[in-house]
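Below is one structure, written out as structure tokens, with a few remarks after it.
The values are calculated or read from the model by the stated rules, or taken from the named source; none is laboratory data. Predicted model, so just to flag it, every value in this text is computed and none were measured. As a convention, Cβ positions derive from the backbone with ideal geometry for all residues, glycine included, and neighbour counts pool all protein chains shown. These accessible areas exclude ligands, DNA and RNA; they are computed on the full protein's heavy atoms, side chains included. Shrake-Rupley method; radii C 1.70, N 1.55, O 1.52, S 1.80 Å.
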Amino acid sequence: MNPAGESDRPGASMTLFEAVGGEPTFRRLVDEFYVGVAGDPLLRPMYPEDLGPAADRMTLFLMQYWGGPNTYSAQRGHPRLRMRHAPFRIGAAERDAWLRHMRNAVDKLDLEPQVATALWDYLERAAYFMVNAMEDPAEPA
């Protein structure tokens, strides 16, 4: 898989969205992720609303990113991920908690290794990209 989620095989045009089974797989991924977030004392306070709307937005975004329908952009415009996450303090601890829940969710999908690696590599890069706060040097590491 290349970074756009397309097959690297010559002549193949299957997207990662198609390779994982489409919308049902992305819904399972995000649902499982939010099960972890719901019980996380660090991440849950970032969601003042019910988790359902956030889960739906994430599902639509991931489906679009990996070659599925462009419903996310049609409803919300350009993703602008850093801008949309700017109101939230995201430091290393929040990033690591997010990654822990997402790793669990990806692992529960039981995807082919090449597909799982492509998906995980993107999610990990995205998590690091969202960090917008430095740790307080006065706090112990």
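Would you pick out the residues in the stretch 35-50 that are open to solvent by 20 Å² or more (accessible area, probe 1.4 Å) and either assigned to a loop (DSSP other than H, G, I, E, B) or not small (Gly, Ala, Ser) (or both)?
VAL35, GLY39, PRO41, LEU42, ARG44, PRO45, MET46, TYR47, PRO48, GLU49, ASP50
Please list, ordered by first then second residue, the pairs with beta carbon atoms under 8 Å, 6 or more apart or interchain, first in the stretch 87-103 and within 23 Å of LEU119 (Cβ to Cβ) and in a helix (DSSP H, G or I), second of a type in the set (Asp, Glu) and open to solvent by 30 Å² or more (accessible area, probe 1.4 Å).
Sorted first by the residue in the stretch 87-103, then by its partner, the pairs are ALA92/GLU135; LEU99/GLU124.
Report every pair of residues separated by at least 6 positions or lying on different chains whose Cβ atoms are under 7 Å apart, first residue within the stretch 47-62 and without any contact (Cβ under 8 Å) to a residue 60 or more places away in the chain and within 16 Å of VAL35 (Cβ to Cβ), second loosely packed, with under 15 Cβ neighbours inside 10 Å and among the small types (Gly, Ala, Ser).
Every condition considered, the pairs that remain are LEU51/ALA38.
Conditions tested, residue by residue: (1) open to solvent by less than 70 Å² (accessible area, probe 1.4 Å); (2) touching a helix residue (DSSP H, G or I) at 6+ places or on another chain (Cβ under 8 Å); (3) at pLDDT below 80; (4) not polar (S, T, N, Q).
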site	(1), (2), (3), (4)
GLY77	yes, no, yes, yes
PRO87	no, no, yes, yes
ILE90	yes, yes, no, yes
ALA93	yes, no, no, yes
LEU99	yes, yes, no, yes
VAL106	yes, yes, no, yes
VAL115	yes, yes, no, yes
ARG125	no, no, no, yes
GLU139	no, no, yes, yes
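Quickly run through the stretch 15-26 and pick out the residues that are surrounded by fewer than 17 Cβ atoms within 10 Å (Cβ to Cβ) and touching a helix residue (DSSP H, G or I) at 6+ places or on another chain (Cβ under 7 Å).
Matches in the stretch 15-26: GLU23 only.
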